[in-house]
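Here's the structure we're looking at; comments come further down.
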């Protein structure tokens, strides 16, 4: 990291897209949860956090264990490319 390299960690991830907890039929809000379970790179993440340096995350998304479908997963790259404040999933 001192030489400018960015370490890579590996995770398996799930994508959950759920409707509003209020259960209102006319509520357009959907709750997106992208959860990463780190498989390799624990020490890299700790070192990067301590040094305040970036880390690259190789995330393997499992649709079989997710509450989202293929259409939702296909939207992920475009949503992640947006700024946080502009992300609207409805």
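In the set (1) at pLDDT 80 or above; (2) over 18 Å from the mean Cα position of the chain (by Cα), the condition left unmet by residue 23 is number (1). Counting the residues of the stretch 1-20 that are at pLDDT 90 or above and assigned to a strand (DSSP E or B) gives 9. So, residue 47, is that one over 20 Å from residue 74 (Cα atoms), at pLDDT 90 or above and not in a strand (DSSP E or B) or not? Yes. Between 67, 39, 63, 76, the distinction of being closer than 22 Å to residue 10 by Cβ, in contact with a strand residue (DSSP E or B) (Cβ under 6 Å, 6 or more places away or on another chain) and either outside any loop (DSSP other than H, G, I, E, B) or at pLDDT below 90 (or both) belongs to 39 only.
The values are calculated or read from the model by the stated rules, or taken from the named source; none is laboratory data. Because the structure is a prediction, the values reported are computed rather than measured. Ideal geometry is used to build each Cβ from the backbone, glycine not excepted, and the neighbour counts take in all protein chains shown.
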